[in-house]
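Read the structure below first, then the notes.
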Amino acid sequence: MPRLIQTEERERTQPWLTSYADMVTLLWTFFILLFSLSVLNAQKFEAARRSYSSAVGVILDGGASIIPGGEGSTPLPDPLAAIAAMELEQLQRMGEAFERELAGAGLGDRVAIEMQERGLVIRFADTVLFDLGSADLRPEAEQVLLRVGNMLRDIENPIRVEGHTDNWPIRTEKYPSNWELSGGRAGTVVRFLIERCGLKAEQLQVAGYAEFKPIDTNDTPEGRQRNRRVDIVILRPSLAGGEPPVQ
């Protein structure tokens with residue numbers, strides 16, 4: 001009989017021990033999050049926080065607190081903004097390393113690196129990769145793409161290749177419009193990255209935007225030349241299923 005009582009007492013304490021263990025685990029996770037927030041770049045955290053809040057339509061500053069009597073209290077950090085800030089900081093370091101490698105290879109004036117909210121953009125002018133009105137790689141373009149592809153091979157982030165044109169119409173048998181030309185150029189680059197550089201097909205995406213996402217005016221030859229481009233975008237991992245709207 002005493003042995004039976006001990007067994008029952010031990011069984012009665014098990015739910016309490018489970019709850020206690022869960023509480024300790026949650027506290028441990030909470031303090032790790034606080035520590036990670038403490039070492040974030042403050043400017044990038046604030047930019048990501050504001051961007052996320054505007055995207056989802058939530059006012060984080062200056063609004064009424066949902067906690068009774070909490071008017072004017074300091075808001076808690078947004079976990080999604082914290083993740084975005086960490087991802088952007090990692091991509092920033094990656095971009096700096098890419099710039100050094102491209103400059104060392106003498107390609108600094110042919111390939112541009114740009115940080116955006118969605119990730120790291122590696123930008124090629126169309127004359128670096130293609131002849132005017134063509135989606136076939138120029139012979140000298142292969143060495144440039146091989147260098148960039150080798151830099152991308154060990155990256156786990158999703159990668160989108162985007163084709164862009166200027167607003168001059170094209171009407172050929174192969175490319176009836178700028179949609180087909182921009183998509184064809186992006187597809188050519190993706191196929192090269194898979195077949196010649198060994199990138200994983202499942203991590204790559206193709207997008208053709210025709211003339212509808214210019215970065216300069218289409219009223220001058222110089223502006224049109226800038227708009228004709230191919231962008232390789234290393235997306236933030238948390239944007240694998242989507243990305244913030246283009247401003």
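Since every read-out is calculated from the coordinates, none of them should be taken as a lab result. Keep in mind the model is a prediction, meaning the values are calculated, not measured. Using ideal geometry, Cβ is built from the backbone for each residue, glycine included, and neighbour counts are taken over all protein chains shown.
Any idea how far apart Arg171 and Leu80 come out in nm if each label point goes 7 Å out from Cα toward Cβ? It works out to 4.5 nm between the two label points. Placing unit charges on the Cβ atoms only, positive for Lys and Arg and negative for Asp and Glu, gives region 86-239 a dipole magnitude near 220 debye about its Cα centre.
Spacing of the modelled spin labels on Asp219 and Asp154, each 7 Å from Cα toward Cβ, amounts to 4.8 nm. Kirkwood analysis of region 143-235, using all unique Cα-Cα pairs, places the hydrodynamic radius at 13.8 Å. On the basis of the beta-carbon distance and an R0 of 22 Å, Lys200 and Asp131 show a calculated FRET efficiency of 0.15. Estimated at 0.36 nm per residue, the fully extended path between Thr29 and Glu96 surpasses their Cα-Cα distance by 21.0 nm.
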